[in-house]
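Working notes for the structure below.
What follows draws every value from the coordinates through simple rules; no lab data is involved. All of these numbers come straight from a predicted model, not from anything done at the bench. Cβ coordinates were reconstructed from backbone atoms using ideal geometry, including for glycine residues, and neighbour counts include every protein chain displayed.
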Amino acid sequence: MRTLGVLLAGSAGVGHQDHQAEMYAPGFAAHPGFGIVGATEDGSGFDRADVDVVSVCVPFERRVEVVTAALRAGKHVLVDKPVALTSAECAEIAAVAAETGLVCLPAYHQRFHPAIRTAREAVAAGRVGLTWNVQADFLVAGGGPVWPYGELLNFAPYATDAVHAITGLPVTAVYALARPAEGPDDLVTLCLTHERGMTSTVVAGRTPPIAGVNGLSLHRYRVSGSHGTLLADATRPGVTVRGEKGTRTAWAGHGTVHRMLTELHAAVTDGRPAELGPTDALAALLLVEAARESIATGRVVRLGDDEQTKARVS
Amino acid sequence: MERDSMSNRPLGILVVGAGAIADLHVAAVAADPRCVLAGFADVNADRARTAAHRNGGVFWTADLAEALARPDVDACIICTPNDTHEDLALRVAEAGKHLLLEKPLATTVEGADAIVEAFARRGLVLAVAHSHRFYDYGRTVHDEIASGAVGRPTLVRLALLGGWIWPDWRAWVIDPARSGGHALHNGVHLLDLVTWWIGSRPVSVYARGQRRTATELDVHDYLEMVVRYDDGAVAICEMSRAHRPTALAHRDVVVQGTGGLLTLAWDGEGALLWDEKGAHTLDPGVAYGFAAQLGAWLDAVTAGDAGTSVSGEEAAMAVALGVAAERSMALGVPVEVQ
Ligand SMILES: NC(=O)c1ccc[n+]([C@@H]2O[C@H](COP(=O)([O-])OP(=O)(O)OC[C@H]3O[C@@H](n4cnc5c(N)ncnc54)[C@H](O)[C@@H]3O)[C@@H](O)[C@H]2O)c1
């Protein structure tokens with residue numbers, strides 16, 4: 001396996017988050033296809049010959065600048081999610097990525113979860129027939145709040161991206177419900193209409209802590225189709241171990257970040273686009289913006305048919 | 001009410017409408033010593049006669065007025081199609097009898113209010129057969145929430161998914177003029193249950209419906225109804241007759257609260273069967289729920305204890321939610337609850 005050189009750029013994120021230190025750096029370090037060759041806070045070093053991939057977690061004010069500079073320097077990019085705070089910024093990144101033809105992978109790593117992969121493959125193989133509904137829950141117990149950004153921007157796109165990965169059907173309208181997001185209790189309900197009349201209801205967000213749960217308390221998808229029904233529970237697979245100190249689960253397989261990096265490696269070395277690109281990140285952000293509008297107005301908001309959306313996407 | 005509690009005679013129950021669901025009510029009546037089956041009234045005389053013969057040769061008639069005039073009839077259970085509930089219930093109230101009425105209370109908000117008012121005015125006991133409140137799962141979830149185990153509910157999911165059960169195009173259930181539409185027919189079960197669980201006031205409904213079994217259907221075989229409550233809680237209710245395979249009997253419950261998470265797994269009743277046709281969850285049956293439901297109504301009738309019976313006001317709220325859901329589906333927008 002060819003080893004790709006990785007430059008770590010920045011260590012910022014939504015709220016308290018530092019995905020670079022917590023997820024991507026350890027992920028690259030553990031993956032046989034990558035070697036970390038350096039780190040930068042100011043976005044320098046993009047001209048280094050030993051760098052193939054830049055892992056971008058710079059503050060949002062500098063996302064567009066740093067990602068596009070890396071791409072223009074001929075480097076592939078892994079970019080933390082959300083890629084940007086606005087769809088307009090994301091569209092700029094998407095345009096440069098398209099121009100350069102390089103891999104620019106937004107880190108929606110949950111779609112690489114084995115349960116979601118299995119669901120996606122089963123659906124693509126026609127095992128449930130033509131899909132007409134998805135129900136999804138993505139609930140994280142505890143952890144620091146990402147206010148003022150909110151879980152609509154932080155967690156919900158993981159779930160909506162997974163729904164897209166499973167069904168391949170873009171969202172055409174959204175009705176969203178949320179309670180004021182000022183504490184750790186921040187749940188959003190997204191009622192989505194997709195192409196082909198498929199509907200979905202996606203619940204995502206953060207709840208108060210639960211004893212014995214570290215992270216996701218519920219992460220699952222139900223896919224209904226003309227010929228069958230599929231349940232995928234992404235809090236599995238796992239063995240359950242119960243002991244004096246409590247209950248935990250474990251599994252020997254690779255985690256979602258590792259699997260995402262495998263896709264990044266394959267796309268770079270095969271010279272093909274990654275299965276997930278800046279246009280997916282753009283779709284996710286347009287959905288977030290439409291959902292915000294729905295929460296503010298109490299109305300159903302359509303995507304893709306207003307002038308602004310067209311302008312952003314083109 | 002005094003008359004019943006002072007005489008030792010068990011309460012005489014007239015069953016109005018001797019169709020599919022009547023059997024479950026009759027079995028519950030047979031098992032409760034406080035009441036006795038007084039007879040059947042059904043516009044279809046054959047049905048009334050057959051039901052009477054099968055149940056020890058009790059009185060039967062095709063004329064409700066004749067049945068209501070009998071001195072041994074103290075109370076009625078109405079199990080007729082939804083569009084007949086309003087007229088029949090008002091006649092029962094007029095005759096001074098207590099009533100256990102099948103859901104939905106009525107197919108319109110005005111009809112529901114008229115029934116509630118008629119029984120309240122005469123001091124008669126009206127209970128509505130929101131039977132899921134009496135199933136063990138429904139009560140367990142309610143009691144956990146009521147005990148404070150998960151704090152205040154912020155998000156509830158309830159899904160009842162099954163395959164096609166409607167016999168053919170002649171079934172009244174798929175005629176919206178007769179059933180009120182699927183949100184009023186089966187949807188009210190879920191709308192009532194989640195509202196009882198959450199315990200606050202519903203303010204709006206956004207509902208989406210699909211017609212998966214046949215595009216020619218006049219009702220939606222799949223419903224996705226999202227209710228918002230005045231304290232910000234959200235309930236997602238899915239009712240389906242559209243899922244495949246038809247043998248699917250899938251129930252899912254999630255309650256996220258300010259202090260914890262409750263889940264009831266799809267195989268939560270604990271028994272699974274694999275056979276040549278695949279895997280099946282084993283349903284413990286609904287009989288115990290119908291017995292508990294009858295018992296709660298009899299508590300109210302004989303002892304004036306409204307305890308767990310489902311009041312007309314609560315059932316009227318379920319009707320208002322069902323009507324809002326149907327309107328939301330027709331208009332494609334969220335609708336305020338009347
Ligand atoms: N609680 C539950 O779980 C549950 C389940 C199924 C049905 N239901 C409700 O029970 C009621 C009956 O449903 P079903 O499936 O038994 O229907 P059904 O069609 O099997 O039976 C209805 C009976 O009522 C009779 N009838 C019709 N109009 C009448 C009238 N004006 N006066 C007297 N009799 C009349 C019909 O001849 C028939 O025998 C409906 O309101 C339905 O919503 C409740």
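Things to note:
- Local net charge near B:TRP164, Cβ-Cβ under 13 Å (Lys/Arg +1, Asp/Glu -1): +2
- Whole-Hz Karplus values for the stretch A:58-69 come out as 6, x, 4, 4, 10, 4, 4, 4, 6, 5, 5, 5 Hz, taken residue by residue from phi with 6.51 cos²θ - 1.76 cosθ + 1.60 and θ = phi - 60°; glycine and proline positions read x.
- Net charge, A:GLU65 excluded, C-beta distance under 13 Å - Lys, Arg +1, Asp, Glu -1: -1
- Gyration tensor (alpha-carbon) shape descriptor, the protein assembly as shown, a/c threshold 1.5: prolate
- Look at the alpha carbon pairs under 8 Å that are at least 6 residues apart: their mean separation over the length of chain A gives a relative contact order of 20 percent.
- Prolate/oblate/rounded call for chain A, Cα gyration tensor, a/c under 1.5 rounded: rounded
- Evaluated at q = 0.15, 0.24 Å⁻¹: base-10 log I(q)/I(0), Debye formula over Cα of the stretch A:4-109: -0.53, -1.43
- Gyration tensor verdict on the stretch B:53-170 (Cα atoms; rounded if a/c is under 1.5, prolate if a/b is larger than b/c, oblate otherwise): prolate
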